[in-house]
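This report concerns only the one structure given below.
The values are calculated or read from the model by the stated rules, or taken from the named source; none is laboratory data. The structure presented is a predicted model; accordingly, all values stated were derived computationally and were not measured. Glycine gets a Cβ as well: all are built from the backbone with ideal geometry, and neighbour counts include every protein chain shown.
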């Protein structure tokens, strides 16, 4: 009995690699959506209008307190029951991942803002700087600089968690590795190849994050 035999897997590798484009499109769109929504939720959390903060905290508790795969299945299988029409698997994945990521991103940004010296905020308020301008020009830029490593880590997490789209039939890397394994009656080798692809993606994101950190430190 051979422990590993990649001879039958090699012809399936191009098929599995075709899922890379699907994975990257889902991750990129969800990351942008999650970041923008996360900024909005952060502003709600730190808003002096308490009902907004309560809504934002409730949102965060829901999406951080339930499994991502459950959220994905509710969007893809549950929402059509309410809306009366089917949702494309790609957009269901982007929506679910974006909503989930926004909850974590909002906490990261909030922590970054809270880490800024309160004296800066007080000085801006004393000078009569409008709240939106203070956030846009003073607090948010500093917060983003401080939280960049955490945001890179969130993008890495999002990349790995994107593999759960296989449960709704989207042809990503993981889904195609399952199909390749079924075709050659040997699932381990295709899954190992899929794992290698994810590992390389994470390495690229890690190196990119370190490069951004170095650039930010140089500009200090």
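Figures for the structure shown
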read-out	value
One residue from 124, 111, 180, 143 being modelled with pLDDT of 80 or more, surrounded by 15 or more Cβ atoms within 10 Å (Cβ to Cβ) and assigned to a helix (DSSP H, G or I)	180
Residue 206 being exposed (fewer than 15 other Cβ atoms within 10 Å of the Cβ), closer than 20 Å to residue 35 by Cα and under 17 Å from the mean Cα position of the chain (by Cα)	yes
Residue match in segment 172-183 (condition: under 30 Å from residue 110 (Cβ atoms) and touching a residue at least 40 places away in the same chain (Cβ under 8 Å))	no
From 196, 201, residue being crowded, with 18+ Cβ neighbours inside 10 Å, in a helix (DSSP H, G or I) and out of contact with any strand residue (DSSP E or B) (no Cβ under 9 Å at 6 or more places or on another chain)	201
From the options 191, 174, residue that is crowded, with 17+ Cβ neighbours inside 10 Å, within 19 Å of the chain's Cα centre (by Cα) and part of a helix (DSSP H, G or I)	174
Number of positions in segment 80-92 that are more than 17 Å from residue 164 (Cβ to Cβ) and either touching a residue at least 12 places away in the same chain (Cβ under 8 Å) or touching a strand residue (DSSP E or B) at 6+ places or on another chain (Cβ under 8 Å) (or both)	0
